[in-house]
Amino acid sequence: MRWAQRLFKRGRLEHDLAKELAYHVERRTAELVAEGVDPREAARRVRLEFGGADEIKEACRDARGTRWVEDFLLDCRYALRTMASNKAFTALAALSLALGIGANTAIYSFMDSILLRSLPVRDPESLVTLSWRMRSLGRGEKGPVTVLRAMSGSIYKAPTSGLMAEILPYPAFEVFQKNDSVLSSVFAFRRAGRLNLSIKGQADIASGTYVSGDYFRGLGIPPAAGRLLIPDDDRAGAPAVAVVSLGFSEERFGGAANAAGQSILINNVPFTVVGVTPPEFFGVDPGVAPNVYLPLHANLLLEERAQAAYLDQHYYWIEMMARLRPGVSLKQAQTVLEVPFHQWVESTAETDRQRSDLPSLVLREGGGGLTTLRRQYSKPLYLLMTLVGLILAIACANIANLLLARATTRRREMAVRLSMGAGRLRVIRQLLTESVLLAALGGALGVLFSIWGIRFLTLLLANGSDNVTLSAELNWHVLAVTAGLTLLTGLLFGLAPAIQSTRVDVMPALKEVRAGRVRSRWRISLSHVLVVSQIALSLLILMAAGLFIRTLSNLQSVQLGFNRENLLLFQLNARQAGHRDAEIASFYADLQARLTAVPGVRNVSLSHESLVNAGTSSPISLPGAEQDLSTRLLYVGPGYLTTMQIPMLLGREIGERDQPGSQAVAVVSELFAKKNFGGKNPVGEHLTMGGRDPRDMEIIGVAKDARYGGLKGDVPPVVYIPYNQGSQKFVGQMTYALRTSGDPLSYVNTVRELAHQADARVPVSNITTQTVQIDATISQEIAFAKLCAVFAILALAIACVGLYGTMSYNVARRTNEIGIRMALGAQRGGVIWMVLRQVFLLAIVGLAIGVPAALAASKLVESFLFGMKPNDPLTISVAIAVLVAATVIAGYAPARRASKIDPMVALRHD
Amino acid sequence: MLILKVVALDPIHGYGIAQRLQQISQDVLQVQQGSLYPALHRLENRGWLSADWKTSETGREAKYYSLTKLGAKQLMLEDKNWQRLSEAVRLVMKAAR
């Protein structure tokens, strides 16, 4: 019989066993009777010879090998009975565990989806990303001195030193395509950003990605409908085709099957949809889920400046991935590819200075997709994971403490078990079954909590950043980790109490009527250690909460230099809908005039970006002086400074009279004036702007400094210039700002209507208020402050319950002693103090451990802080004060109960 | 090994095994009857013995054990080992004499 059969046919096995043994006894008795022994004497002798039937049965059951499962089921039944008979305890323990496990599961599911999961493509292990490393960008006095002269994309600090990036020029892509001995496929892609997609006259904004011809084949993606892009689509002069995502096809074409063959206008250029990507595919960057995939060469159709940049070997803009040939390791590929890459990049260098710091190729595993999201979220997630881990530890310590207290009341039960011959390991196993079952209950509830947690976190983490699609869900992977965590916590908080409770001297424990063993008062017990560790851990979390809340309040009190209230912002891009040249400026001016006429709108203006999101630099300098790259630039419409309520210090602001044909003008910020002119009045002086949009400008005014590009960092020197002067080629997307009276959001419909009237092909996007937009730039800090505040309350509550439980238990145990003290004349106040003294002692020991630990740990979060040092004295003292106050509150109730003990009752107590 | 050997002759029930072991060894080996049954069950679970309910010589139903192929192989192996060991012991004893 198989093992499993043995397990499930237990009834029959038991029956057979009894029958088999009975047969033996019968035969033996019959034999003896046949030899002439008296039947009764025979039966007695057989029993003696045979031994205890039950003992043999037990041994036979052991031989079945299913014993542990049967015992486990029995233990479970018993544990469920114990849990049911102790509902308050079970509920409290399960709830605190559920909170801990739920928080851990929620955060872990984000880690899983952002940091750990592989791309949903064929064989993700053989994918690699191509990136490079160099020492510095080394911008010199005359602009960049490296081979990288212009770029579009992100460059970031390498883990050790220097810079890293994935962006490369198109000619480098051709180098890798030629060296295909180790690569079975190499493909390039680049974000197309937000595109104007017009389907049957209905225009909307969608995100797009340019991909090279081998992209879908290289990734191994099958189409959900139609076909995906092939190398033939990606060459100059090929018919303009596009592939859309499944979600987009359902939303805009009413299903994948309808999408193929449809024609759409992308930025006013006709394209044909040829196919749909499968549902689980989201591109190679987990942070960006494009709606449309276009051939890389379509870049030439959609972006005017692409003509010059596309083949430029100094313009770094496309990212690449490759698939290794079977059997080729990452290292081998690196060795093979770095040679041709080096040769190529060296050929693009023109000076010795450039040759001294060339980008060198770095191949990295690409199975998880691109690293942008990972870079952005890995540190915050690890930090949050640590915090929720600490909370779970506190919860575990808490339950261990409650179990310890309960173990004392179960001493008699244990003693009975042990004296009946139960093995110690067997009893420990049974107690562990109980605690693991308790943990399982907590874990199951925790999964429920985590579903809410994930929703809450998605909102909190993605707050404001609309082009980041954060998705996390509970998959089998996350659930497996949760199950493991549950088991671990069960063992963790169950083991110590279980071991302790079986360490019972059987005889005295059996004689005891009630748990009332007198222990020496200050013996360091396990429960004290647990309380102290809870206090120390709570301090860590309180400290973190304090630091993040202070950081947030520092950020919120940053001087903006403009008025954020009652300001509505929205974007539109007339260029994408086909507006060109001088007409585009008049389109924007016309819309500005229409919006100004709306009743309740006080001022309207526009800029190429909103102030907090702006980050444009251009080489601006005084004639004859060196170019200063720290100067930032904002293209604005007339009346911008008035609308933003940035005060003018000198001269006038940019107004209606500054037209395309008139003298090019500029308003400079106070800082810029101070830096370049000292105390001199700059009005009337001239500035020159180099780069792609050169102009010579007259300074007409000086404005007070205002925040430019986020709340952190120094305010840069800023130059405001009219968007409609100079070359119209660079007028693209604009952000309108409406200063309203009353709630700005009540004007949203009016704005949409007016924009639609002006041109139905130009969709309005990113409608928001200035306040919301500013909050979005500090969304991480807001999320941290809120989350940590919740965590701190949670940790404190759990720790207080633990302390309360321990002290109540101590008081109950010492009822007798306290009664004697009071009978001998101890005052109520004295008794309260006696108990509180112990609470203070525990708190002080906890703080003595917690404070240095918190100080050391706070250095790790330094990069998350703003406007403060990690060992902020105010935060530390507040955290300590809160903790001490909480412990006193938790300890006062038991202390008061102790003082209410009636000496007579206490003394008669057993 | 002894149980396997006894069972190898023909299918037999627990009581019979105890009797026969005693007979064959001429009362030298007295099997503790209590430990016989757990041993039988263990051998059954390892797949070396199989069991069937049959009517016994006294007309009652009894559990008859018989050797499986796996059990036969095991018996051969253990037999060989025993031969080697007892031969070795014999040689040592002879030399020491």
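A short reminder: the numbers here are calculations on the coordinates, not readings from a lab. Predicted, not measured: the structure shown is a model, and the values here were computed from it. Please note: Cβ atoms are built from the backbone with ideal geometry, for glycine as well, and neighbour counts cover all protein chains shown.
Of note:
- Relative contact order (percent, whole number), the stretch A:835-910, Cα cutoff 8 Å, 6+ residue spacing: 48 percent
- Cross-link partners for B:Lys94 among the lysines, with Cα-Cα distance under 18 Å and sequence neighbours closer than 8 places in the same chain left out, do not exist in this structure.
- Antiparallel DSSP beta bridges within the protein assembly as shown, percent to nearest 5: 80 percent
- Summing charges over all other residues whose Cβ lies under 14 Å from the Cβ of A:Phe187, with Lys and Arg as +1 and Asp and Glu as -1, gives -4.
- If the chain linking A:Met420 and A:Ala826 were pulled fully straight, counting 0.36 nm for each residue of separation and taking away their Cα-Cα distance, it would gain 141.7 nm.
- The local environment of A:Ala440, defined by Cβ-Cβ distances under 14 Å, has a net charge of -2 under the rule Lys, Arg +1 and Asp, Glu -1.
- Residues in the stretch A:166-184 that a label on A:Arg364 would reach, taking backbone N under 16 Å of a point 7 Å out along Cα→Cβ: A:166-168
- Neighbour counting of Cβ atoms within 10 Å sorts the residues A:Met644, B:Met93, fewest neighbours leading, into B:Met93, A:Met644.
- Charged neighbours of A:Gly742, selected by a Cβ distance under 13 Å, balance to 0 (K, R count +1; D, E count -1).
- Cβ-derived FRET efficiency at R0 51 Å, A:Lys859 paired with A:Leu74, nearest 0.05: 0.50
- Label-to-label distance, nm, for residues given as A:Gln334 and A:Ala760 (7 Å Cα→Cβ offset): 5.8 nm
- In Hz, Karplus ³J(HN,Hα) per residue of the stretch A:334-343 (6.51, -1.76, 1.60; θ = phi - 60°; x = Gly, Pro): 4, 4, 5, 7, 5, 5, x, 5, 4, 4
- Label-to-label distance, nm, for residues given as A:Ala22 and B:Gln26 (7 Å Cα→Cβ offset): 4.0 nm
- Mean residue ellipticity at 222 nm, helices only, the protein assembly as shown: -17000 deg cm²/dmol; runs of at least 4 DSSP H residues each add -39,500 (n - 2.57), and the sum is divided by the number of residues.
- Listed cross-link partners A:Lys178/A:Lys331; A:Lys379/A:Lys712; A:Lys680/A:Lys729 are compared with a 24 Å cut-off, the Cα-Cα value being larger for A:Lys680/A:Lys729.
- Estimated inter-spin distance, A:Ala34 and A:Glu251, nm [label 7 Å along Cα→Cβ]: 9.1 nm
- Ellipsoid semi-axes in whole angstrom, largest first, where each is sqrt(5λ) of the Cα gyration tensor of the stretch A:302-398: 41, 20, 15
- Vicinal HN-Hα couplings computed from phi for the stretch A:81-90 (Karplus, 6.51 cos²θ - 1.76 cosθ + 1.60; Hz; Gly/Pro x): 4, 4, 5, 5, 7, 10, 4, 4, 4, 4
- 10 Å Cβ neighbours from other chains, averaged over peptide B:18-24: 1
- Packing-based exposure ordering (other Cβ within 10 Å, fewest first) of B:His41, A:His756: A:His756, B:His41
- Taking chain B and dividing mean pair separation by its residue count, relative contact order in percent (alpha carbons under 8 Å, at least six apart): 30 percent
- Rounded if a/c under 1.5, otherwise prolate or oblate - the stretch A:781-860, Cα gyration tensor axes: prolate
- Residue exposure sequence - A:Met420, A:Met697 - by fewest surrounding Cβ within 10 Å: A:Met420, A:Met697
- Backbone N under 20 Å from the A:Arg325 label point (7 Å along Cα→Cβ), restricted to the stretch A:177-198: A:177-188
- Reachable aspartates and glutamates from A:Lys704, criterion Cα separation under 12 angstrom, eight or more residues apart if same chain: A:Glu653, A:Glu670
- nm² value of the averaged projected area, convex hull over the Cα atoms of the stretch A:702-742: 5.0 nm²
- Crossing angle, helix A:10-34 versus chain A [Cα axis fit, 0-90 degrees, rounded to tens]: 20 degrees
- Using only alpha carbons, the stretch A:575-761 has a radius of gyration to Kirkwood radius ratio (Rg to Rh) of 0.97.
- The stretch A:124-367: mean projected area of Cα convex hull, nm²: 13.7 nm²
- The slack in the chain from A:Ser184 to A:Ser746, taken as 0.36 nm per residue of separation less the alpha-carbon distance, amounts to 196.7 nm.
- Computed Kirkwood radius, in angstrom, where 1/r is averaged over Cα pairs of chain A: 33.8 Å
- A straight Cα-to-Cα reach below 26 Å connects B:Lys63 with the lysines A:Lys9, A:Lys19, A:Lys57, B:Lys5, B:Lys54, B:Lys73, residues fewer than 8 places away in its own chain not being considered.
- Partner chain coverage, peptide B:60-68 - average Cβ within 10 angstrom: 2
- Potential extension, A:Asp123-A:Leu459 segment - 0.36 nm per residue separation minus Cα distance: 117.7 nm
- For the segment A:25-33, counting C-beta atoms of other chains within 10 Å of every residue's C-beta and taking the mean gives 3.
- Length-normalised contact order for chain A - Cα pairs under 8 Å, 6+ apart - percent: 14 percent
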